[in-house]
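Heads up: the structure comes next, in structure tokens.
The values are calculated or read from the model by the stated rules, or taken from the named source; none is laboratory data. Since the structure is predicted, the reported quantities are computational estimates derived from the model, not experimental observations. Positions of Cβ are backbone-derived with ideal geometry, glycine not excepted, and every protein chain shown enters the neighbour counts.
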Amino acid sequence: MTGTTTGTGVWTGTAAAEDVARLTAATADLERITHAPVRDVTLPGGVGTLALVTLDNGFDHTRPTTLGPNGLAEIAATLRAQQARAAAGEIAAVAVTGKPYYLAAGADLRIMGRLTSEDDARTIARMGHDTYRLLREMGVPTFAFVNGAALGGGLEIALACTYRTVSADVSALALPETYLGLVPGWGGCYEVPRLVGIEAAVDLVLSRPLANNRRTDAATAAATGLVDVALHPADFLEQSVAWAGRVLSGEVEVPRRALDDAATWDAVVAAAHAQLDRRLHGARRAPYAALELLAAARDSDVETAYAAEDEALTELLMTDELRAGLYAFDLVTRRSRKPTGAPDRALARPVRSVGIVGAGLMARQLAVLVARRLRVPVLMTEVDDERVVAGLEGIRTMVEQMARKGRMSEAEANRVVGSIGISTDIGTLAGVDLAIEAVTEVMGVKQQVFAALEKIIDPEAVLATNTSALSVAEMSGHLEHPERVVGLHFFNPVAQMPLVEVVRAERSSDAAVATAFAVAEQLRKTAVGVADRPGFVVNRLLLRMLAEVASAVEAGTPVEVADRALRPLGLPMGPFALMQLVGLPVALHVLRSLHEDLGDRYPLSPGLERLAAEGRRVVPEADGSGREQDVDPSIQEVFGEPGRAGALDETGVLDAVLTGLAEEVGLMLDEGVVSEPEQVDLCMVLGAGWPLHLGGITPHLDRSGHAERALGRRLHEPGVAGLR
Amino acid sequence: MPTAAAPFHGRPVVFVDGVRTPFGRARPDGIYGHTRADDLAVRTVRELLRRHPALPPERIDDVAIAATTQRGDQGLTLGRTVGVLAGLPETVPGFAVDRMCAGAMTAVTATAAAIGVGAQDVVLAGGVEHMGRHPMGFDADPNPRFMAERLVDAQALNMGCTAENLHDRDPGLTRDRADQYGVASQRKYAEALASGRITPDLVPVATRDPERGWGLATADEPPRPGTTVEQIRALPTPFRPGGRVTAGTAAPLTDGAAMCVLAAEDAAGELGLAPRMRMVSFAYAGVDPAVMGLGPVPSTRKALQRAGLGIEDIGLFEINEAFAVQVLAFCDAFGLADDDPRVNPYGGAIAVGHPLASSGVRLMTQLARQFEEHPEVRYGLTTMCVGLGQGGTVVWENPHHPDYEGFTGPKEAQR
């Protein structure tokens, strides 16, 4: 063994040594430091010695290798030592690989989210470049043996090498920076388009992160040229070394694609810009910053490009957009695993069969999900034979479609369909451990269903309602055992939406609530416990937003102004598109119910009622392009002539919406719907798709000042989900 | 005129090729201290497939892999798990084998027999032993009747003691002869390594150490080149005070795996797989467990008798060196000199190590290489002693010998 990792020496590069010293000292306690030991390997074919560097933070695969200032310092020290050996002719090549399952999972986000000054931000940006530059300027060929996940800075270290192998089982290659609010700023924006072409680069740097952070697998990476060769995982490292030997001996030649011509480059960048505008309307800085860097990569020299990346990172590291993004990312990844307020899971009752009352659209989706994940018999009931047949047919079609798309095997599809039965006799549900009602949202009907169920099922069995806004207490008040009733509010489409609101009514027992949480977990959903208040979290806030928009329109604000007004938030869709997606009659049904329970904060909208009554759309039919749908201007007529005295401009509508949301969040916290703003944000990100850069919503309400103005207080301590 | 072997009963079986991992010292800081046993075996399977692109993996009819301790990373039916892990098609079955030290040898003879009766065409056979993770006899639960009824001597379960017993049995088997033999083994191995006769059979293994990162094992770790008689004369005798067996005359505890491809001669011809050896006969025999090192003597007699050959017909011997004294006892029984150049020309387990259930295929792989170097030799044998008083022997024929009849390789290669 040669080389040493003890003592990282004085920093050399674009980052100032004293800045590096200050930052590494300041973060040493927080950082899970990645080490970079090196061992010499004899290359086959007599081509010399390979210095093999392993990135390893010393923990098992549950603690991915990440890159912070101290880790970068160790890696740089190792690489500098190899540079000297290369100059002395001791080694023929350098390779970088990782501990099992990870090359590296990117920058240490805990540290990125706690930088306190622009100087520190610039220092960490430069440290990355300085470290990776050592690979480019090694003096001998460098290789990345991508043995596992390579995300963000972890992929960029591979891109800095001359050649790359990847283990064929790797599925997590990605540059997720723009998803969080950063840019691939340790060489990624420069190297990727030059390596794989501008079109594939836009896909990797922008499209995939913005499509719910999708990742790239080894086969795709090899096909696009992101890596040079995918090798079988059974002897990946051995064959990577052998491949490196063949490259060095000239036996293997690695083709590189020519740089795209300027016209192609510019056209792709322009198209990507238009796509971003349609999607974000400029609401977020990071994707645009990344696109600017990609645009410049063709004609820029490496040092100019690195300097531009440094500046982009410095700017973005010190934004609320990033801090809120990191806060929300932490919520949906780490903190969602331990639901707040869930009773001891030991209290949960075993669920060996599930009953579902109703076989409509929602009920069918629930049945399939339960059959897939819980792997227990599902017994459904409907009121007549016609609906039984329709239900079974719908389930079969749904499952066949999933099988066709490869989401489940044929055998699994057979099992799922075979484990679901529908009957007109509610008595068939007598033996179930959990019965979920998914009938129409009418209190009287739901009460009747529970009353009927209580007569036949075991006294210990849990009853759940999938209501989206009705009171669970009222639904169960007439029962002999109301304590076993909980709410299990799923979102549509059930298979895709990751959230379940677990509603605890006043009399719900710990056992019933624990069972609901346990079932949600087995269904692989994120459960958030909420109190039995109208609309719970997601619908209460979504409808408050829609109600503010509707009331602005009713007061004379032009529908197009109201529709555009929320664009600065970067929500997944505009308010009218959302109404259309939910279904206007359904949205109005919930609105009326909230109006009844919560009063004038949820005003009724005669205009919308008329549109619903006439069965009209509020946005035009989708044109298939996937672009966001704007409001249909023709609906203006139901709201009367626009521009009356009460009309608002875009700023006014946005202000009204944010004020309304701040007020509502404050009331929800006061009422104990959830105990902390974190739960509100978790619900809005997972249940409504609200964006990470808003932090869900509450960090944004702090940042915009609406919390302070509406509530007289902030929702978070300064620095928790924003810069200050 | 030398004797020709009696024909093999059934379809002739050929040894197509064998490889092994570098052997490591069975210690926490040995090269495989952090490497799984099944992963070692996987590397050998992958290497054989890579060396023989003419062999379609789906044509492999069975995978037989031996281990003496079949639990943990050596449990769960190695032949199947290793096949799956190595990426063999799911249609390829596998099983696990145990005859202690002769595990891999038994994997070879059992599958050869299946080929011989026409049940199979091509097989993988080999063994693995990670003695660092699976110390010899760990967690064994010998039936108390062994002792109560004196079925075996109390010392028969300790291999070192059985080696001392061999010294006792024949005063002519002196410590000095054993020491000379041990030193010669180290010297012969070092010469074979230097002349490029060892490394071609090795498959490199990536090894990870949590502190030092990834490395690549490319060479055997146990050998102690330059060992002199003076050095080992001073070594202690751990198995008995005043005994004769030392670390210098015993195989070290070792981690490693070895694997080979066997095929019916006609299938090898069909697939264009050149044979490196052809099986002539094999035999196993039992002896008093207290002197288990004698095992190769009766098993060799039996195998030769079945082959219709005499000891004088054998031009090369690969005998496993569990202990020097056991090789010497074999030589004495067959009238071979201690330094007979036909015996273990590349040195043996005293130098390279003895990962129990894998050693049988190492012997075969080395004999195959020696056959290439010695076309004048028509027959050779591989033999080894086995714990609890057994021996095993396989007699092989050299396809490079002028009198060899049968498929010797694809036409292009012969031109």
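Before we move on, is A:T65 part of a strand (DSSP E or B) and in contact with a Phe, Trp or Tyr (Cβ under 7 Å, 6 or more places away or on another chain)?
In short, no.
Identify the residue in segment A:370-386 that is out of contact with any strand residue (DSSP E or B) (no Cβ under 8 Å at 6 or more places or on another chain) and closer than 23 Å to A:A464 by Cβ and, among all such residues, is surrounded by the most Cβ atoms within 10 Å (Cβ to Cβ).
Step by step, filter segment A:370-386, then rank; the result is A:R372.
Considering segment B:335-351 alone, what residues qualify as being out of contact with any Pro (no Cβ under 9 Å at 6 or more places or on another chain) and either of a type in the set (S, T, N, Q) or not in a loop (DSSP other than H, G, I, E, B) (or both)?
Matches in segment B:335-351: B:V343, B:N344.
Quick grid of which residues meet (1) surrounded by fewer than 23 Cβ atoms within 10 Å (Cβ to Cβ); (2) modelled with pLDDT under 95; (3) over 25 Å from A:V183 (Cα atoms); (4) in contact with a helix residue (DSSP H, G or I) (Cβ under 7 Å, 6 or more places away or on another chain):
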site: A:L210; (1), (2), (3), (4): yes, yes, no, yes
site: A:A263; (1), (2), (3), (4): yes, no, no, no
site: A:V269; (1), (2), (3), (4): yes, no, no, yes
site: A:L276; (1), (2), (3), (4): yes, yes, no, yes
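Would you mind telling me which numbered condition in (1) within 14 Å of another protein chain (Cβ to nearest Cβ); (2) touching a helix residue (DSSP H, G or I) at 6+ places or on another chain (Cβ under 7 Å) A:D60 fails?
(2)
Which of (1) surrounded by fewer than 23 Cβ atoms within 10 Å (Cβ to Cβ); (2) assigned to a strand (DSSP E or B) does B:A206 not meet, given it meets every other one?
Evaluating B:A206 over (1) surrounded by fewer than 23 Cβ atoms within 10 Å (Cβ to Cβ); (2) assigned to a strand (DSSP E or B) leaves (1) as the failure.
Pairs please, first residue from segment B:192-213 and more than 14 Å from every other protein chain (Cβ to nearest Cβ), second anywhere and β-branched (V, I, T) and in a loop (DSSP other than H, G, I, E, B), Cβ atoms under 8 Å, 6+ apart in sequence or on different chains.
B:A192/B:I198
Here is a check on your reading of the model: is B:V108 within 23 Å of B:V361 (Cα to Cα), within 14 Å of chain A (Cβ to nearest Cβ) and either buried (at least 24 other Cβ atoms within 10 Å of the Cβ) or without any contact (Cβ under 8 Å) to a residue 24 or more places away in the chain (or both)?
Answer is no for this residue.
Let me spell it out: the conditions are (1) within 12 Å of chain B (Cβ to nearest Cβ); (2) out of contact with any helix residue (DSSP H, G or I) (no Cβ under 7 Å at 6 or more places or on another chain); (3) not basic (K, R), and A:G89 meets all of them except one. Which number is the exception?
Going through (1) within 12 Å of chain B (Cβ to nearest Cβ); (2) out of contact with any helix residue (DSSP H, G or I) (no Cβ under 7 Å at 6 or more places or on another chain); (3) not basic (K, R) one by one, A:G89 breaks only (1).
Go through segment B:247-303 and count every residue that is touching a Leu at 6+ places or on another chain (Cβ under 7 Å), surrounded by fewer than 21 Cβ atoms within 10 Å (Cβ to Cβ) and assigned to a strand (DSSP E or B).
Residues flagged as touching a Leu at 6+ places or on another chain (Cβ under 7 Å), surrounded by fewer than 21 Cβ atoms within 10 Å (Cβ to Cβ) and assigned to a strand (DSSP E or B) within segment B:247-303 amount to 0.
When segment A:34-46 is examined, which residues are found to be outside any strand (DSSP E or B) and either crowded, with 20+ Cβ neighbours inside 10 Å or modelled with pLDDT of 95 or more (or both)?
The answer is A:T34, A:A36, A:P37, A:L43.
When you look at A:M112, is it at pLDDT below 95 and either hydroxyl-bearing (S, T, Y) or out of contact with any His (no Cβ under 7 Å at 6 or more places or on another chain) (or both), yes or no? Can you show your working first?
On the way: at pLDDT below 95: yes; either hydroxyl-bearing (S, T, Y) or out of contact with any His (no Cβ under 7 Å at 6 or more places or on another chain) (or both): yes.
Here the answer is yes, as A:M112 does meet what is asked.
Restricting attention to segment B:34-80, report how many residues are within 14 Å of another protein chain (Cβ to nearest Cβ) and over 24 Å from B:L273 (Cα atoms).
Residues flagged as within 14 Å of another protein chain (Cβ to nearest Cβ) and over 24 Å from B:L273 (Cα atoms) within segment B:34-80 amount to 6.
Residues checked against (1) more than 16 Å from A:N70 (Cβ to Cβ); (2) part of a strand (DSSP E or B):
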{"position": "A:T116", "(1), (2)": "yes, no"}
{"position": "A:A121", "(1), (2)": "yes, no"}
{"position": "A:G128", "(1), (2)": "no, no"}
{"position": "A:L135", "(1), (2)": "yes, no"}
{"position": "A:M138", "(1), (2)": "yes, no"}
{"position": "A:F145", "(1), (2)": "yes, yes"}
{"position": "A:A150", "(1), (2)": "yes, yes"}
{"position": "A:G154", "(1), (2)": "yes, no"}
{"position": "A:A158", "(1), (2)": "yes, no"}
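Under the condition of being in a helix (DSSP H, G or I) and of a type in the set (G, A, S), which residue from segment A:439-474 is nearest to the chain's Cα centre (by Cα)? Break it down stepwise before answering.
Taking segment A:439-474 first, the residues in a helix (DSSP H, G or I) are A:443-456, A:472-474.
Okay, now just the ones that are also of a type in the set (G, A, S), so A:444, A:451-452, A:473.
Values: A:G444: 38, A:A451: 40, A:A452: 41, A:A473: 33 Å.
By that ranking, first place goes to A:A473.
Only residues that are assigned to a loop (DSSP other than H, G, I, E, B) and either within 15 Å of B:D255 (Cα to Cα) or at pLDDT below 90 (or both): list them for segment B:120-142, please.
B:M131, B:G132, B:R133, B:H134, B:P135, B:M136, B:G137, B:F138, B:D139, B:A140, B:D141, B:P142
Please specify each residue of segment A:493-519 satisfying the condition of being polar (S, T, N, Q) and either closer than 19 Å to A:P534 by Cβ or crowded, with 21+ Cβ neighbours inside 10 Å (or both).
Scanning segment A:493-519 gives A:S508, A:T515.
Just for segment A:226-252: of the residues that are assigned to a loop (DSSP other than H, G, I, E, B) and out of contact with any Lys or Arg (no Cβ under 6 Å at 6 or more places or on another chain), which one is nearest to the other protein chains (Cβ to nearest Cβ)?
A:H232
Residues of segment A:39-56 being in contact with an Asp or Glu (Cβ under 8 Å, 6 or more places away or on another chain) and more than 8 Å from every other protein chain (Cβ to nearest Cβ), which ones? Reasoning before the result, please.
Pass one, segment A:39-56, residues in contact with an Asp or Glu (Cβ under 8 Å, 6 or more places away or on another chain): A:45, A:49-52.
Within segment A:39-56, A:G45, A:T49, A:L50, A:A51 qualify.
Please find, among B:T218, B:T199, B:T162, B:T207, the residue that is within 26 Å of the chain's Cα centre (by Cα), β-branched (V, I, T) and more than 28 Å from B:I31 (Cα to Cα).
On the way: B:T218 fails: more than 28 Å from B:I31 (Cα to Cα); B:T199 fails: more than 28 Å from B:I31 (Cα to Cα); B:T207 fails: more than 28 Å from B:I31 (Cα to Cα).
The unique qualifying residue is B:T162.
Hey, can you tell me all the residues within segment B:81-97 that are surrounded by fewer than 18 Cβ atoms within 10 Å (Cβ to Cβ) and more than 14 Å from every other protein chain (Cβ to nearest Cβ)?
B:E90, B:T91, B:P93, B:F95, listed by residue number.
One line per residue, one yes/no per condition, for (1) farther than 25 Å from B:F371 by Cβ; (2) in contact with a Gly (Cβ under 6 Å, 6 or more places away or on another chain):
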site: B:R11; (1), (2): no, yes
site: B:P22; (1), (2): no, no
site: B:A26; (1), (2): yes, yes
site: B:H34; (1), (2): yes, no
site: B:D39; (1), (2): yes, no
site: B:L48; (1), (2): no, no
site: B:L55; (1), (2): no, no
site: B:A67; (1), (2): yes, no
site: B:G72; (1), (2): yes, no
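Determine whether A:A36 is under 25 Å from A:L23 (Cα atoms), facing another protein chain (nearest Cβ under 10 Å) and among the aliphatic types (A, V, I, L, M).
So A:A36 passes the test.
Is it true that A:Y163 is within 14 Å of chain B (Cβ to nearest Cβ) and surrounded by fewer than 24 Cβ atoms within 10 Å (Cβ to Cβ)?
When the stated conditions are applied, A:Y163 does not pass them.
Which pairs do you get when a residue that is in a loop (DSSP other than H, G, I, E, B), found in segment B:387-399, comes within reach of a residue that is aromatic (F, W, Y), reach meaning Cβ atoms under 9 angstrom, with the pair 6+ apart or on two chains?
Correct list of pairs: B:N398/B:F371; B:N398/B:Y379; B:N398/B:Y404; B:P399/B:F371; B:P399/B:F407.
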